[in-house]
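J.: Got a structure here, written out as structure tokens. Questions coming.
The values are calculated or read from the model by the stated rules, or taken from the named source; none is laboratory data. The model shown is predicted, which means the values in this text are computed figures rather than measured ones. Cβ sites come from the backbone with ideal geometry, for glycine too, and all protein chains shown count toward neighbours.
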Amino acid sequence: MRIDVISCVPELMQSFLSHSILKRAQDKGLLEVNVHDLREFGTGNYRQIDDYQYGGGAGMVLKAEPLGQMIDKLQAVVQYDEIIYLTPDGKTLKQGEANRLSLSQNLLLIAGHYKGIDERIRQLYVTSEMSIGDYVLSGGETAAIVLIDALGRLIPGVLNDETSALTDSFQDNLLAPPVYTRPEEYKGLSVPKILLSGHEAKIHEWRHEEAVKRTKDRRPDLLDD
Ligand code: ADE
């Protein structure tokens, strides 16, 4: 999968991309992430990419021309499955959407800043708008990283144990069951006996029951879906 990101602070993303699972995905050639600096298309001595909003009000808006030019340049060489704008007024990202998007070949992500991007870019280029939750971040980069992380780990071959993404929380609309590792007893608390029994079917059943219990308790809304 190839993911291009348009950002005005590309450095923000580099550390996340060069560690852990996202690094492994790129090293294995399963994921390519290119972060493009919007200032490349900024104008004037200061490479201006933002301007005051029409109608007045606090906060700058990312200008249409630099964004449009950068998208045009990228689209001249890549055919994107989707052009996604990360924004708090987008559709909230859920696991199902991550599963679907992980099957894409090429994605273009736009990270906004300040008050957002000129509405005409949304009308002309953006094919979907995504939020990572009901709160406002200072930029779309953190949201883009969240999306890339959620997608990257689902690409076949990225995780060592291929089944582990399938047993994550939210797959099957259930939260994950509790997990334990050694030692068997810690500060008076023991690992549930069933997990030491070696009885695969019973362990599977126990995990499912615990997942349902935890979901009913913490996120009953998931069971309604
Ligand atoms: N940009 C600012 N806040 C955001 C959010 N919650 N989700 C996606 N992009 C954002």
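J.: Given the options Leu166, Leu195, name the one that is modelled with pLDDT under 95 and of a type in the set (A, V, I, L, M). It would help to see each step written out before you state the result.
T.: Values: Leu195 fails: modelled with pLDDT under 95.
Selected residue: Leu166, the only one of Leu166, Leu195 that is modelled with pLDDT under 95 and of a type in the set (A, V, I, L, M).
J.: While we're here: I'd like to verify a number: residues in the range 54-93 that are polar (S, T, N, Q), under 17 Å from Gln123 (Cβ atoms) and touching a Gly at 6+ places or on another chain (Cβ under 7 Å), how many?
T.: 1
J.: Restricting to the range 105-144, name every residue that is farther than 22 Å from Gln14 by Cα, surrounded by fewer than 16 Cβ atoms within 10 Å (Cβ to Cβ) and more than 14 Å from the ligand (Cβ to nearest atom).
T.: Selection gives Glu119, Arg120, Gln123, Leu124, Thr127.
J.: For the range 147-177, what are the residues that are buried (at least 20 other Cβ atoms within 10 Å of the Cβ), among the hydrophobic types (A, V, I, L, M, F, W, C) and closer than 16 Å to Ser102 by Cβ?
T.: Leu147, Ile148, Ala150, Leu151, Leu154, Val158
J.: Among the small types (Gly, Ala, Ser) and either at pLDDT below 95 or in contact with a strand residue (DSSP E or B) (Cβ under 6 Å, 6 or more places away or on another chain) (or both) - does that describe any residue in the range 45-56?
T.: Scanning the range 45-56 turns up no residue that is among the small types (Gly, Ala, Ser) and either at pLDDT below 95 or in contact with a strand residue (DSSP E or B) (Cβ under 6 Å, 6 or more places away or on another chain) (or both).
J.: Here's another thing I want to ask about it. Output the number of residues of the range 145-168 satisfying the condition of being within 16 Å of the ligand (Cβ to nearest atom) and more than 22 Å from Leu62 (Cβ to Cβ).
T.: 3
J.: Within the range 95-117, which residues are in contact (Cβ under 8 Å) with a residue 40 or more places away in the chain and within 12 Å of Leu147 (Cα to Cα)?
T.: Correct list: Gln95, Ala98, Asn99, Leu101, Ser102, Leu107, Leu108, Leu109, Ile110, Ala111.
J.: State the number of residues belonging to the range 201-218 that are over 16 Å from Val191 (Cα atoms) and surrounded by 16 or more Cβ atoms within 10 Å (Cβ to Cβ).
T.: Qualifying residue count for the region: 3.
J.: Cβ-Cβ distance below 7 Å, separation of 6 or more or different chains: which pairs start in the range 7-28 with a residue that is in contact (Cβ under 8 Å) with a residue 60 or more places away in the chain and end on one that is surrounded by fewer than 16 Cβ atoms within 10 Å (Cβ to Cβ) and assigned to a loop (DSSP other than H, G, I, E, B)?
T.: Correct list of pairs: Lys28/Gly157.
J.: Any residue that is at positive phi and outside any loop (DSSP other than H, G, I, E, B) - is there at least one of those in the range 163-175? Explain how you work it out, then say what you get.
T.: Initially, the range 163-175 is screened for residues at positive phi, giving 170, 172-173.
From the residues that got through so far, the ones that are outside any loop (DSSP other than H, G, I, E, B) too are 172-173.
Yes: one or more hits.
J.: Right, here's the next one. Within the range 78-94, can one find any residue that is assigned by TED's automatic domain parsing to the domain that holds Leu30, without any contact (Cβ under 8 Å) to a residue 24 or more places away in the chain and within 16 Å of the ligand (Cβ to nearest atom)?
T.: Filtering the range 78-94 for residues assigned by TED's automatic domain parsing to the domain that holds Leu30 gives 78-94.
Those left that are additionally without any contact (Cβ under 8 Å) to a residue 24 or more places away in the chain: none.
No: the range 78-94 contains no residue that is assigned by TED's automatic domain parsing to the domain that holds Leu30, without any contact (Cβ under 8 Å) to a residue 24 or more places away in the chain and within 16 Å of the ligand (Cβ to nearest atom).
J.: Continuing with this model, one more query. Could you name every one of the strands (runs of 3 or more DSSP E) located completely within the range 76-153 that has at least 2 residues being in contact with a helix residue (DSSP H, G or I) (Cβ under 8 Å, 6 or more places away or on another chain) and of a type in the set (Val, Ile, Thr)? Quick ask: steps written out before the conclusion?
T.: Details: elements: 82-92, 106-111, 128-131.
By residue number, 82-92.
J.: Give me a count of the residues in the range 1-39 that are under 24 Å from Gln79 (Cα atoms) and part of a loop (DSSP other than H, G, I, E, B).
T.: 7
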